[in-house]
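Engineer: One structure, pasted below without further comment.
The values are calculated or read from the model by the stated rules, or taken from the named source; none is laboratory data. Note that the coordinates shown come from a computational prediction; the quantities given were computed from them, not determined experimentally. Here the Cβ is made from the backbone with ideal geometry for all residues, glycine too, and neighbour counts use every protein chain on show. Surface areas here come from the heavy atoms of the whole protein model, side chains and all, with no ligands, DNA or RNA. Shrake-Rupley method; radii C 1.70, N 1.55, O 1.52, S 1.80 Å.
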Amino acid sequence: MALAAVSPAGAADLPSQKAPAPPPLVFTWTGLYVGLSAGYAWTGGDPVNMATANILDNTFAGFGPVSAAGATGTVRARLDGFLFGGQLGYNWQLSDRLVAGMEADIQGAGVRGGNGQLSIYPATIGFAATSFEVNRALEYLGTVRGRLGYTITPAVMAYVTGGFAYGGANLTGAVAQSLRPSLLISDTVRGDHYDILTGWTIGAGAEAAISRNLSAKAEYLYYDLGELWLANPSLAQFGLLGIASVVDATSVHARYNGHVLRAGLNYRFDASLPETSGSPATPLLATPQFASVERPEYDGWRWLVTPYFWATNMNGASTLQGEALGSDMTFVDAITKSSSFPLAFMGRVETSNGPFWAYGDLAWARLRFAGSALSLRSPVADLAVAANVSGHLRMTLAIGEAGFGYELARWKLLNTPNSFTAIDAYAGLRYANIGLNLSADFAGAANSSLLGVQQIGGKSILGSGALWWIDPVIGLRMRHSFTPGGTFEMRGDIGGFGAGSKFSWQFFGGYNTDFEVNGVKLTGLIGYRALGMNFSKWVDGRENGVNAVIHGPVTGVGMKF
């Protein structure tokens with residue numbers, strides 16, 4: 001009864017029982033991230049070998065052995081240049097000090113080098129004067145690696161890394177020779193081989209957090225992609241009647257390995273960052289608190305029109321009248337080695353109303369390859385043609401896309417109300433039209449019956465052809481809005497399935513930011529686009545086709561209304 005009689009005023013004098021304050025949040029490396037990186041690569045081994053064997057000698061001067069000896073040797077050809085690309089990965093902080101992760105990256109490369117050799121070898125009567133040149137290039141380099149890190153401080157991590165490596169390797173060789181004194185005629189032999197090599201990589205680096213989401217890294221890698229072999233067309237010396245008197249078989253061999261030093265920035269997505277307090281260690285694939293967001297309502301159509309520039313690089317081959325044409329090219333090659341400046345026009349239109357959206361995209365370009373930017377890869381048995389592969393290829397590309405999409409889901413983190421992530425699905429059609437026109441300078445082109453060439457003076461027109469097809473495509477798009485007006489977009493699709501091309505695919509990743517100029521709403525765009533296609537058709541018993549990847553950075557400014 002005495003306890004029950006305590007007045008409310010007396011109860012107020014008792015000490016209050018407040019919940020203890022939660023411990024402060026602790027930085028953790030756990031999370032999904034995407035980033036950009038740039039660096040420099042240099043060769044791990046200089047030697048490139050040219051080997052030649054004499055297979056025919058109908059002369060009395062002993063030209064055969066010295067002809068082969070002159071086109072044999074080892075030269076130092078470095079493999080150096082800059083790289084630029086991006087990466088995607090996931091970290092898992094195991095404890096206060098240990099961090100494990102996986103990362104995949106790909107970088108476009110201007111990594112190349114070459115060298116040559118001059119020689120004079122005496123024969124029984126006379127001499128053989130020979131020059132040869134070899135060039136190698138790494139068109140792109142990608143890796144899929146594991147990482148194991150140790151946190152020096154909570155926001156600074158040192159790590160070791162290693163795993164699988166792959167790259168697009170190109171190897172070319174050219175030989176020119178003169179046998180004197182004689183009336184034999186020779187021409188420059190050129191060969192080209194492009195292949196995707198695989199190997200391994202190992203390295204180490206350090207990464208420092210700039211903020212909860214952003215970090216900077218510096219990294220060293222050693223890569224080894226193995227070897228690439230090139231069998232050149234036969235080196236032949238012709239008499240006055242066009243009959244081969246001396247024939248040599250040549251080949252080139254090079255190893256693709258080296259060192260990479262690069263720096264990069266990584267952005268970790270809010271949706272992958274767990275709430276941590278007390279310790280940065282987290283469960284694997286920890287998921288923070290998030291909530292679904294209502295899809296936008298139907299309130300009228302909004303439009304975005306974006307002219308853009310696509311700095312195209314090409315890796316692959318085209319086939320014209322059964323002849324495989326190597327058309328590996330970087331954007332720098334398109335400017336410096338093209339017989340004319342590349343012409344291009346690109347633009348994209350997108351409209352949306354609520355969760356529905358539709359798009360149209362057009363990319364048109366005309367490229368002219370000449371000299372070292374073009375080489376025939378499959379020399380035929382006709383030695384007069386096989387001895388000379390210098391040519392000029394004009395390629396016209398027109399790629400149009402149209403389709404519609406629907407927003408499937410949208411969510412946000414509870415602690416970041418101003419950002420959201422959305423997933424869309426889309427479907428449409430992709431139209432491709434590729435025109436090819438090849439001309440080449442041949443000595444003795446009249447003998448080139450195997451290719452069915454038409455001779456016009458000193459120039460041979462191997463032919464022209466147009467390829468076109470329409471592919472059905474399906475894809476997914478992810479959009480992450482960091483702030484109102486700042487959005488990262490990543491989309492990918494596949495198509496063809498034999499209905500148009502054999503198979504095609506496309507990837508785009510980029511960042512948009514909104515701004516105004518004199519009251520006009522504009523959007524700036526920067527990103528990277530890659531399009532792969534594999535198509536062929538047969539005309540009069542000869543194959544025409546293309547199997548290539550077109551890729552490169554994209555930039556543009558669009559208008560909203």
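Engineer: Tally the residues that are under 19 Å from G403 (Cβ atoms), assigned to a strand (DSSP E or B) and touching a Ser or Thr at 6+ places or on another chain (Cβ under 7 Å), restricting the search to segment 495-512.
Structural biologist: 1
Engineer: Would it be correct to say that V554 is out of contact with any Phe, Trp or Tyr (no Cβ under 6 Å at 6 or more places or on another chain) and either under 24 Å from L88 (Cα atoms) or in contact (Cβ under 8 Å) with a residue 24 or more places away in the chain (or both)?
Structural biologist: Considered against the rule, which asks whether it is out of contact with any Phe, Trp or Tyr (no Cβ under 6 Å at 6 or more places or on another chain) and either under 24 Å from L88 (Cα atoms) or in contact (Cβ under 8 Å) with a residue 24 or more places away in the chain (or both), V554 comes out as no.
Engineer: Taking A176 as the residue in question, decide whether it is of a type in the set (A, V, I, L, M) and over 21 Å from the mean Cα position of the chain (by Cα).
Structural biologist: yes
Engineer: Sticking with this one: If I go through segment 94-115 residue by residue, how many of them are modelled with pLDDT under 90 and either touching a Leu at 6+ places or on another chain (Cβ under 6 Å) or polar (S, T, N, Q) (or both)?
Structural biologist: The number of residues fulfilling the criteria is 6.
Engineer: Please go through (1) open to solvent by 10 Å² or more (accessible area, probe 1.4 Å); (2) at pLDDT 70 or above for D248 and return the number of the only condition it doesn't satisfy.
Structural biologist: Among (1) open to solvent by 10 Å² or more (accessible area, probe 1.4 Å); (2) at pLDDT 70 or above, D248 violates only (1).
Engineer: Can you find a residue in segment 139-149 that is open to solvent by 50 Å² or more (accessible area, probe 1.4 Å), closer than 30 Å to A77 by Cα, at pLDDT 90 or above and not small (G, A, S)?
Structural biologist: The answer is yes; a qualifying residue exists.
Engineer: Would a scan of segment 54-72 turn up a residue that is acidic (D, E) and farther than 23 Å from H253 by Cα?
Structural biologist: Taking every residue of segment 54-72 in turn, at least one turns out to be acidic (D, E) and farther than 23 Å from H253 by Cα.
Engineer: State yes or no: is T130 crowded, with 21+ Cβ neighbours inside 10 Å, hydroxyl-bearing (S, T, Y) and at pLDDT 90 or above?
Structural biologist: no
Engineer: Is at least one residue of segment 277-296 at pLDDT 90 or above, under 24 Å from Y406 (Cβ atoms) and out of contact with any Cys (no Cβ under 6 Å at 6 or more places or on another chain)?
Structural biologist: No - not one qualifying residue is present in segment 277-296.
Engineer: For the condition closer than 30 Å to V111 by Cα and either open to solvent by 40 Å² or more (accessible area, probe 1.4 Å) or modelled with pLDDT under 75 (or both), what is the one hit in R255, R262?
Structural biologist: R255
Engineer: Still on this model: Within the set of pairs 6+ apart or on separate chains, which have a first residue in segment 500-527 that is without any contact (Cβ under 8 Å) to a residue 60 or more places away in the chain, a second that is polar (S, T, N, Q) and part of a strand (DSSP E or B), and C-beta atoms under 6 Å apart?
Structural biologist: K502/N534; F503/N534; N512/T487; N512/T523; D514/T523; G524/T513; I526/T555
Engineer: Still on this model: If I ask for residues that are modelled with pLDDT of 80 or more, of a type in the set (A, V, I, L, M, F, W, C) and open to solvent by 40 Å² or more (accessible area, probe 1.4 Å), which ones from segment 164-207 would you list?
Structural biologist: F164, I196, W200, I202, A204, A206, listed by residue number.
Engineer: Same structure again: Check G532, G545, G527 and return the single one that is more than 23 Å from R491 (Cα to Cα) and open to solvent by less than 60 Å² (accessible area, probe 1.4 Å).
Structural biologist: Exactly one residue qualifies, and that residue is G545.
Each row is one residue, and each column tells you yes or no for (1) surrounded by fewer than 19 Cβ atoms within 10 Å (Cβ to Cβ); (2) modelled with pLDDT of 65 or more; (3) under 26 Å from F507 (Cβ atoms).
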| site | (1), (2), (3) |
| --- | --- |
| I335 | yes, no, yes |
| G347 | yes, yes, yes |
| L367 | no, yes, yes |
| A370 | yes, no, no |
| S390 | yes, no, no |
| A398 | yes, yes, yes |
| N418 | yes, yes, no |
